[in-house]
Structures are given as C-alpha cells and as structure tokens.
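Read-outs: derived from the displayed coordinates by stated rules, not from any lab. What you see is a predicted model, and the numbers here were worked out from it, not measured in a lab. Reconstructed Cβ throughout: ideal geometry from the backbone, glycine too, with neighbour counts over all protein chains shown.
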Amino acid sequence: MPSSIPRSAAVAAVVSAALAAGLLAGSTASANTSAETAAGVRIHDIQGTTRVSPLVGTQVTGVTGIVTGVRTYGSRGFWIQDPQADADPATSEGLFVFTSSVPTVAVGDAVSIDGTVGEYVPGGLTSGNQSVTQLSKPTVTVVSSGNPVPAPVTISAWSVPDAYAPEGDPAAAGSVNGLTLKPTRYALDYYESLEGTNVRVGTSRVVGATDPYAELWVTVKPWENRNWRGGTVYGSYTAQNTGRLQIQSLTPIAQQPFPTANVGDVLSGTTEGPLDFNQFGGYTLTARTLGTVVDRGLEREVTDRQHRNELAVATYNVENLDPSDPQEKFDALAAAVVKNLASPDILALEEIQDNNGAKNDGTVAADQTLKKFTDAIVAAGGPAYEWRSIDPENNKDGGEPGGNIRQAFLFNPERVAFTDRAGGDAATATDVVRGAGGRPELTLSPGRIDPANTAWESSRKPLAGEFTFRGRTVFVVANHFGSKGGDESLTSHHQPPVRSSEAKRLLQAQSVNAFVKDVLSIRKDADVLVLGDINDFEFSGTTKALTDGGALYPAVKSLPRSERYSYVYQGNSQVLDQILTSPGIGRFEYDSVHINAEFADQDSDHDPQVLRFRP
C-alpha cells in the first residue's frame, strides 16, 4: 500500500538452505537438512503440523496423489492431493509440485512423484512472507487418468475461526513457523492446514474489486464488519477480517477473460480449486471452476455542494498524474472534481508529477501538469482554479524515479484568496510569526514545513498555504506521508507483522503536529486543516501523533465506523486519506467520497475526502 505497495514480478526464493542454516526464523529443529532419501511418505507427512515441512531437503520417492490443478503460467507446476486423508486436521493433504516448465499432467491424473521437499518464500526471505511447501525437480509418472478429484473442503463462515493468528514465538523473532497449527482456533492456521488442498467457496460477496492482475477478493463471512456499500471495514490492528480470501483463475486470460467485479457484487455459485499462497495476497483460491459475477449496481458517490457561507476543502491523490497520461485520465479526474466533489473551494492534490513524468532527466517543474488538469476542470464545467505548489529537489521526495511527485493547492479565486509570501523553495522552511493584530502568519506561503528534518528524507515534504475566506484566515497543510512499502503483510510468518514504515510516519506526524501547535500558540482558535494521503489508519500511532495535545481532530472519526475508509487493499476497506481539524473549526460536515477504491475501473486508487465548515 504505498498508497498501494508497488507490484513487481513475483520472486520465488528457494529457502531449503536458509532453513538448514537457521536463517528463516521459526524453522523446526526437526527439519531434515541432509540429502537423505525417503520412500513411501505421504503428502501429510511432507506437510507436517507446522508451516515448515519436517522433511525439508529430503529426496522423496513414490509420493502419490491425484492432480487437482495445473498452472501453465507464472510459477508453473501442478497440485496433487492424497484422497486418503489422515485424522489430523493440522496436516494438509495437498501439495504443489514445481515444474518450472509447462506441466504435462492433467487434472484427474493419478501420479507417483520423486522429488525434493523444499520451502519457497514468495517475494524472498526479507519479505516476511510465509513459505510454501513444495516438491521440486520432480520425476513424474502418470499411473492412470480420468480419476475423480478429491472432494473439496468448503471454506465458510462456520469453518474459518474468528481469531486471526497466534502470537509469534518470542524466541524465534516473533515467527509462527515453528508453532503447531491450531486450525480450529486461528484463521491463519486454518488456511495453512489447507495449503495445496482442493477447496471451494459458495456464493460470496466481493470485497475487493477485480484488479489489473486478474484477481478479486471475496468474504465468506457475510456480516463481518460489513458496510452498507458491501465492503469489509478494517477498523483495528486486531480485527483482521478473517473471512477474506483472494480469488484467481487457473485458466489463462487469453483463453477465458477474468470477470470484472466491484465491491458489493456477488461471486455466485461454486468457485473451486487448490489453495495457494502468493506474494500479493497470501492465501489464494486458484480457481479451476470459477463462479459467475452478479452485478449489484454499485454507484459512485456525489458529495453535497457547499453553501455560500461554507468553505469546502478537499484532498485527492491523483496517482502519478503527468502530461503524458492520456487525456481521458485528465478528463475523468476533472469530471470527478466538478461532479462528485462539487467543485470544492480548495483542493489539495497528491502525486502531481513533473512535466515529463517518469522520464528521469532532472526536470522538476509541474506547471504543464497543473495547467492541463485545471484546463480539463474548466472543460468539465468547473471553476478556473489557480494553483500554488513548490517544486521538489530532483529525486529527493520519493515516489517513481524521475516523477518528482509533490502536493499542490488548487483554489477557486472567485471564492477564496491565497496569501502569497514569496521565497518558498524546496529546502527553505516556512515559519509561523505573530502578524498584524496579533494574528498568526506564515513567513512563506506557499512554504514547506521542516524540510531539513530527516523524517522527510526521500519523502514528500508538507506544503503549507495561507488562505482567506470571507475575511477569515485559514491555514491548510497538504501532506503525503511515507508509504507502507516494506511493511510485512497481514499473512506474514511474523505475528503481529513487522510494520517498519510506521516509524518514519510517526516522526513525520510529530513534525506536522509541532507546526500546528506553533500556529495555535499565537491564536488558539485559528482555523487549521491538515489533510492529504497520510498513508495510515485513523487508529494508528501516526494519527495519534498528529492529534497530540488536542492540536487536531481526525474528521473521519465523525463518520460511523462502517463508513471510515478511503482505500481498499486485499479486501479490507481502510483509511489512508484524512482531513484533520484544529479546535477552532468547530462544527463541520465530512465526506469520504467513494468513487474509485471500490471499483475495477479507477481513475485513481484513492477516494477523495471533502470537509465543509463555516470559518
């Protein structure tokens, strides 16, 4: 989630040697690290009762099973399953066989396999991801064909535990790898006990729209933190929404297009296939049989228009906008500003790229990007917005190399005046001083907050601006805090997962909080809005640091819990974008305008936020 975590080609890391050397925390002491050969072992012997096979590194012969799924792209191979299960619910009866080339077996083949037991970590050892128990370098003998596939295990609201995962073993750096699975107690243990097994889900609600990689998310728990638009809300670190499951298809898109679904739609009928684990979603049903999407008609929201004496302030992450993007993207974003956001008086934009986008040639100016966008807004029937921004130093603010993303203010000069105080640049900090009548003023407007602070290294520096509306000064701080890139997933073998990115955002929040307190120390009822892509939840330490000392209030908390979200990631509807208000603002109306995150067809991956109040 960088906003969302950047997606690159999957990397499958062989970790047998690492397990042998103890490099993967929680590897079992019984792991076989010699080149021994074992005959007559069953699949459940290979899978064992923990996440790591007790036979890692062992050459096994005569492993038998029925082929339940064949993958001809990506990580090529096939799944087998023993139709004669043991009595232990912790041991899976399914197993992936990695072939590297297109497999020559078919579903229903009874096979006998010689190969090496290994553990593969999708994304590599440093990702924190769980490993997948596999057979590699296989010699495959087809014994017979046309056999019935073992009956699927039904994953349902009644089978998935409500508790998410056990606490990781402190002696193994918080890893759960060495812990005996408790599939009736913990959801992650339940899914792991079915790794490689033929599973099914019945008719289920879509909680994560179809993405560009031909996958979607459903929930098998219909009422688990449901919101009225059909999503599943992520409201705390302990409520992980255990009913979520990613769905992919084993059929290549060229042969059968993957269905398009929005949040709230229904995947109807039976979806069946082996349960896999991958880098970009954890446990995934790789469908041999895919249900049918039923459109439930989700519509994009439209916010209320501000009254004449109300100031409307909005924030919108426009996802790496630059002049090389197709005109259609500019037009769609502009139409959203005019129609869905009702032409706010002030609009803070995040991810405005420079004039040639990702071309890494030292260009930092973004006037062409902003002109193209504001022209598109006028063409869509909106106001002739003016803009203010500060160009960053080349490649110093993170984001796509060469793109030089930054925040920018758009404002409607018919409604709002901007107070320009010259001198702001990438490296110079704006300050707060006591001005005429004892009122707080910015020394630079627009100006950057605390840009020399190491908290902002390789990250977007906050942009502060001083506005006037109906004779009242309003301070607006546009932010794009550090991304969640590098954090471990919810399905990490560390429980709780390591969220390393939070340390940086905490420091960033403290920097912005200190600036707001400087304003309020001069006038405690000053109108200050801190807004943007905070890249963190309303219950996070980042948000708590922003609000420290009562300086700010997260406006999203004025909404019912079921409506607090601006982003959908892995089937969790969650807060990343926020508007926070100083105490002087008092009463306001807040709206998270859902126009992107829940839809397969997106103009951005974020939903914009709007706040209306009377200064």
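One quarter of the convex hull surface, Cα atoms only: what value does that give for region 355-425 in nm²?
5.3 nm²
Against the longest alpha carbon principal axis of the chain, how many degrees, from 0 to 90 and to the nearest 10, is the axis of helix 502-522 turned?
20 degrees
Report the per residue volume, in Å³, of the convex hull enclosing the C-alpha atoms of region 202-304.
In region 202-304, the Cα convex hull volume per residue is 121 Å³.
I need the Kirkwood Rh of region 32-100: take the reciprocal of the average 1/r across all distinct C-alpha pairs and report it in angstrom.
After inverting the mean inverse Cα-Cα distance, the result is 12.8 Å.
Tell me, what is the percent relative contact order of region 62-217, built from C-alpha pairs under 8 Å that lie six or more residues apart?
So the answer I get is 23 percent.
Apply the a/c threshold of 1.5 to the C-alpha gyration tensor of region 335-466 and tell me whether it is rounded, prolate or oblate.
It is oblate, given that a/c is not under 1.5 and a/b is not larger than b/c.
Rg and Dmax of region 103-194 over Cα atoms: what are they, in angstrom?
Using the Cα atoms of region 103-194, the pair Rg, Dmax is 17.1, 48 Å.
Taking only C-alpha pairs under 8 Å that are 6+ residues apart, what is the relative contact order of the chain in percent?
12 percent
Using only Cα atoms, what Kirkwood radius does region 482-545 have, in angstroms?
For region 482-545, inverting the mean 1/r across all distinct Cα pairs yields 13.4 Å.
Which number do you get for Rg(Cα) / (2.2 N^0.38 Å) in region 38-156?
Compared with the compact-globule rule of thumb, region 38-156 sits at 1.01.
In Å and on Cα atoms, what radius of gyration and Dmax does region 431-479 show?
Looking at region 431-479, its Cα Rg and Dmax stand at 12.4, 39 Å.
Return the whole-Å distance between the Cα centroid of region 245-306 and the Cα centroid of region 345-407.
Cα centroid to Cα centroid, the span is 34 Å.
Compute the long axis of helix 367-379 from its Cα atoms, compare it with the longest principal axis of the Cα atoms of the chain, and write down the angle in degrees, 0 to 90, nearest 10.
Rounded to the nearest ten degrees, it is 80.
I'd like the Kirkwood hydrodynamic radius of region 402-488, using the inverse of the mean 1/r over distinct C-alpha pairs, in Å.
14.3 Å
Looking at the calculated P(r) for region 139-236, what percent of the C-alpha pair distances fall above 18 Å?
Result for the distance tail: 64 percent.
Which longest run of the chain has no exposed loop site in it, a site being chymotrypsin sites (Phe, Trp or Tyr not before Pro) in a DSSP loop with at most 15 other beta carbons within 10 Å, and the site itself not part of the run?
238-615
Scan region 411-472 for GluC sites (Glu not before Pro) in coil per DSSP, keeping those whose Cβ has at most 11 other Cβ atoms within 10 Å, and list them by number.
Glu414
With the Cα gyration tensor of region 379-525 giving a ≥ b ≥ c as the square roots of its eigenvalues, does the rule (a/c under 1.5 for rounded; else a/b larger than b/c for prolate; else oblate) give rounded, prolate or oblate?
Prolate, since a/c reaches 1.5 and a/b exceeds b/c.
Structure shown: which of Lys371/Lys504; Lys396/Lys524; Lys372/Lys396 lie over 27 Å apart, alpha-carbon to alpha-carbon?
Checking Cα-Cα distances, Lys371/Lys504; Lys396/Lys524 exceed 27 Å.
Ratio to report: Rg/Rh of the chain, with Cα atoms as the point set and Rh obtained by the Kirkwood method; give two decimals.
Over the Cα atoms of the chain, Rg/Rh equals 1.03.
Percent of Cα-Cα pairs per 5 Å bin, from 0 to the last occupied bin, for region 93-132, please list those.
5, 16, 24, 21, 17, 10, 6, 1
Could you name the aspartates and glutamates in cross-link range of Lys544, using Cα to Cα under 19 Å and dropping any fewer than eight places away on the same chain?
The qualifying aspartates and glutamates are Glu502, Asp518, Asp533, Asp536, Asp577.
Do any trypsin sites (Lys or Arg not before Pro) in region 530-601 lie in a loop, going by DSSP, with at most 15 other beta-carbon atoms within 10 Å of their beta carbon, and if so which?
The qualifying sites are Arg587.
Under the rule a/c < 1.5 gives rounded, and otherwise a/b versus b/c splits prolate from oblate, where does region 486-615 land using the Cα gyration tensor?
oblate
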